[in-house]
Amino acid sequence: MPASAQHPVTPDGRYFVVAGRLWRTSDPGLAPERRQELVNALMGARRQVGLAVKAKDTDAERRARAAVDAAKRALGERGPVWWTDGAPDYNRRMVANTPYAQWYAALAPDDATR
């Protein structure tokens, strides 16, 4: 489900907001098929993290977390930014402490609480 269906997305489409924190969106330049492959890999890796934690297998957990990171980087959600205008990355920052603060404050209360 796209971030916009659940959480407010910044006007430039770079972030969505959860509990007042910015999270980088996936690279919109990815082909839909490639994006789906990466999302499938991400979900599989997250399942593996859960299984490894439950099994208390630290080596498997480390490998699974590395796979999560690789998928998120390939999606553009981590690592180098996918935009090219030189704007800084505010990923994982509280929206109130970024240039998006005024936009976020102007959202309807129901939108801002998601």
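The values are calculated or read from the model by the stated rules, or taken from the named source; none is laboratory data. What you see is a predicted model, and the numbers here were worked out from it, not measured in a lab. Backbone-built Cβ (ideal geometry, glycine too); neighbour counts: all protein chains shown.
Can you give me the number of residues within region 21-46 that are surrounded by 14 or more Cβ atoms within 10 Å (Cβ to Cβ), part of a loop (DSSP other than H, G, I, E, B) and out of contact with any Phe, Trp or Tyr (no Cβ under 9 Å at 6 or more places or on another chain)?
0
Might you let me know whether region 24-46 holds any residue that is in contact with a strand residue (DSSP E or B) (Cβ under 9 Å, 6 or more places away or on another chain) and at pLDDT 95 or above?
yes
So ASN91 passes all but one of these: (1) in contact with a Leu (Cβ under 7 Å, 6 or more places away or on another chain); (2) closer than 15 Å to THR10 by Cα; (3) in a helix (DSSP H, G or I). Which condition number does it fail?
(3)
For region 107-114, does any single residue satisfy the condition of being farther than 16 Å from HIS7 by Cβ and surrounded by fewer than 16 Cβ atoms within 10 Å (Cβ to Cβ)?
Within region 107-114 (the criterion being farther than 16 Å from HIS7 by Cβ and surrounded by fewer than 16 Cβ atoms within 10 Å (Cβ to Cβ)), the answer is no, since none of the residues qualifies.
Among (1) in contact with a helix residue (DSSP H, G or I) (Cβ under 8 Å, 6 or more places away or on another chain); (2) exposed (fewer than 14 other Cβ atoms within 10 Å of the Cβ); (3) β-branched (Val, Ile, Thr), where does VAL49 come up short?
VAL49 satisfies all of (1) in contact with a helix residue (DSSP H, G or I) (Cβ under 8 Å, 6 or more places away or on another chain); (2) exposed (fewer than 14 other Cβ atoms within 10 Å of the Cβ); (3) β-branched (Val, Ile, Thr) except (2).
Out of curiosity, is ALA55 touching a residue at least 12 places away in the same chain (Cβ under 8 Å) and either among the charged types (D, E, K, R) or not assigned by TED's automatic domain parsing to the domain that holds ASP89 (or both)?
no
Just to be sure I understand, how many residues within region 6-20 are more than 17 Å from ARG73 (Cα to Cα) and in a strand (DSSP E or B)?
Summing the residues that are more than 17 Å from ARG73 (Cα to Cα) and in a strand (DSSP E or B) in region 6-20 gives 3.
All but one of (1) more than 16 Å from the chain's Cα centre (by Cα); (2) in the same structural domain as ALA106 (by TED's automatic domain parsing); (3) among the β-branched types (Val, Ile, Thr) hold for VAL49, so report the exception by its number.
All conditions pass for VAL49, except number (2).
Please indicate, with yes or no, whether at least one residue in region 69-76 is part of a loop (DSSP other than H, G, I, E, B), surrounded by 15 or more Cβ atoms within 10 Å (Cβ to Cβ) and not aliphatic (A, V, I, L, M).
Yes; the residues of region 69-76 include at least one that is part of a loop (DSSP other than H, G, I, E, B), surrounded by 15 or more Cβ atoms within 10 Å (Cβ to Cβ) and not aliphatic (A, V, I, L, M).
Of all residues in region 58-83, count the ones that are β-branched (Val, Ile, Thr) and either under 15 Å from the mean Cα position of the chain (by Cα) or not assigned by TED's automatic domain parsing to the domain that holds ARG35 (or both).
2
Just to check your reading of the model, which residue among ARG24, ARG73 is in contact with a Gly (Cβ under 8 Å, 6 or more places away or on another chain) and without any contact (Cβ under 8 Å) to a residue 12 or more places away in the chain?
ARG73
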